[in-house]
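Throughout, read-outs are computed from the coordinates displayed, never taken from laboratory work. The structure displayed is predicted, hence computed values, not measured ones. Heads up, the Cβs are rebuilt from the backbone with ideal geometry, glycines too, and the neighbour counts pull from every protein chain shown.
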Amino acid sequence: MYVLIGGAGLVGLNLAQKLVDLGHTIAIIDLNPAACRYAREQLGVMAFEGSAVSTETLVEAGIRKADAVVAALHSDALNLAMVALAKHYGVAQILTRMRHRDFAEPYRIAGATSVINAIDLAVSTMVNAIEYPQVESMLHFEQDQIEVLKLPIPKGSPIADRSLMDIAQDPKFPKGSLIIGYQAHRTEDLMIPNGQTVLEEGSTILMVTKPGAIHQVIDFVQGEGSRE
C-alpha cells in the first residue's frame, strides 16, 4: 500500500517505521526540514517539506495514488483540513489522530474512516493494567461491548491439561465467552484451536467475552483465588 502521513512527529515517524517493516511504501509531509531529513536517512521513506494541508504539497507527495492517508499533525484543526482534502482526492482509508473529543463528529463528517484518540487509548491501557494485572493485553470492540483478552495459563490453572471441548462443557465456563486463539509458547505462532486442542501450563490464550464477565474469565482461567 502507498500510505501518506501528515506530520513527522513521534506518532508519524514511529507509524512510518512500523509500516515500512510491514512492506508498505510510505511518504511523509512535514514543515520541519530536519524531521524530513531524518525520515529519509533513518527510515528510508519519502519525505516532502511543506504543509500537509497544501494541495500543491499533497499532490507532489502523491495523494492521488495513496491507498491510505494518516493525519498526525499537531492540532485538530490541521488534521481536520487534511482529512477533508484526502476525502476530496478520493482516498479510501483516511485515519486521523484526535486530541479533543469535540472533533469526533467533524472528523467523521469530513470523511475520516478511523478516528484515534491517543489520550483515551493511553488512559484505557493504564486502567486495564491496574484493574486486570493478570491480563497481558486487552482489545475493545463495538464501542466496548466486546473484549478480547490475552491471558497466560499459570501453573496450577484449572484449565491446564484439558481440551477445549472439555473446558467448554465445564459449568463454570463463563457464558458468552469463547477461546479463539492459542499460543503454546511465546516463540511459536498463534494458532486457531479446535475442540481437541489441549491447553498447557505456561501457554497463552486469546478469549472473547463481555465486559461484565472479565473478572469471571480471569478467575476461571487462573483459579478463583488468583484475584486480590
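With an a/c value under 1.5 for the gyration tensor axes a ≥ b ≥ c computed over the alpha-carbon atoms, the range 7-76 is described as rounded. Charged side chains reduced to their Cβ positions (Lys and Arg at +1, Asp and Glu at -1) give the chain a dipole of some 460 debye around its Cα centre. Summary of the geometry: the range 136-201 and the range 64-79, compared by the centres of their Cα atoms, lie 38 Å apart.
Find the lysine pairs in the chain meeting two conditions, Cα atoms under 25 Å apart and a separation of 8 or more places or different chains, and report how many there are. For the chain, qualifying lysine pairs total 11.
Label-to-label distance for R64 and Y89 is 1.0 nm, based on points extended 7 Å past Cα in the beta-carbon direction.
Here is how the number arises for the chain: DSSP H runs of 4 or more residues each give -39500 (n - 2.57), the sum is divided by the residue count, and the result at 222 nm is -9000 deg cm²/dmol. Within the chain, DSSP assigns beta bridges of which about 50% are antiparallel (rounded to the nearest 5). Of the labelled figures [x] 43, 19, 15; [y] 29, 17, 16; [z] 31, 20, 15, only one reflects semi-axes √(5λ) of the Cα gyration tensor in Å as derived from the coordinates, namely [x].
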